[in-house]
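Comments concern the structure below.
The values are calculated or read from the model by the stated rules, or taken from the named source; none is laboratory data. In this text the structure is predicted, and so the values were computed from the model without any measurement. We place every Cβ from the backbone using ideal geometry, glycine too, and count neighbours over all the protein chains shown. To get the accessible areas, we keep the full protein, side chains included, count just its heavy atoms, and leave off ligands, DNA and RNA. Shrake-Rupley method; radii C 1.70, N 1.55, O 1.52, S 1.80 Å.
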Amino acid sequence: MAASTNSSIQTPFSAASRNGLMSALVKSFIVCLALATTAMTSAPALANPIYPPASSVTVVTNQQVYLVDQTVVITATACAVGDLVTFTIVPSSGGTPIVLTAVAVASGAGAAAVVTMVATDKGAYQVTATCGGKSAQTNFTVVTVRIPDTGSDVSGVITIATLVVLVGIGLFLVARLRRRPIEQ
């Protein structure tokens with residue numbers, strides 16, 4: 001019995017239909033790629049808040065701790081342009097409140113009002129900024145002694161460390177001399 005071999009493989013698609021199928025697959029891939037790219041590039045834009053600015057007033061100082069006779073800069077934002085902003089600074093000691101006013105002016109995406117004062121008495125203070133019926137609070141402290149910053153004024157520590165190392169070297173040398181065998 002002779003075995004017959006078939007050298008051609010039969011497929012249900014002709015060459016023309018295979019080319020059309022590949023063309024459709026390529027087009028589908030390009031459309032999917034375009035949709036994915038659009039989704040990835042628009043997601044960050046949708047996550048960011050868009051103007052208008054915050055509806056609540058914010059108040060900040062340029063520092064949290066001041067030395068006596070240092071200038072305190074207080075800024076209120078998210079007020080309408082032209083609003084009268086009232087800053088009430090109340091000492092925690094129960095002293096007389098300090099009241100300052102400023103007119104909000106255009107600043108970037110919103111309006112801001114800035115006032116300055118010289119810190120004369122040490123202690124903690126609470127600042128309330130009010131404009132357009134809205135208010136916000138923050139705190140600051142006035143001290144008489146400078147609070148050291150991280151890494152500041154390390155010369156004393158370096159001097160002590162140098163002395164400790166020198167004393168250690170001296171003790172090492174004395175111990176070494178004492179351990180020498182005495183020659184007779």
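A few points about this structure:
- Residue check, V114 among the hydrophobic types (A, V, I, L, M, F, W, C), closer than 11 Å to I74 by Cα and in contact (Cβ under 8 Å) with a residue 12 or more places away in the chain: yes
- Applying the criterion of being part of a loop (DSSP other than H, G, I, E, B) and touching a Lys or Arg at 6+ places or on another chain (Cβ under 9 Å) to the residues of segment 35-77, the residue that is modelled with the lowest pLDDT is S55.
- Residue match in segment 96-119 (condition: polar (S, T, N, Q), modelled with pLDDT of 85 or more and either open to solvent by 50 Å² or more (accessible area, probe 1.4 Å) or closer than 25 Å to F140 by Cα (or both)): yes
- Where a residue in segment 58-76 is at positive phi and its partner, wherever it lies, is in a loop (DSSP other than H, G, I, E, B) and open to solvent by 60 Å² or more (accessible area, probe 1.4 Å), with Cβ under 8 Å and at least six apart: D69/T120
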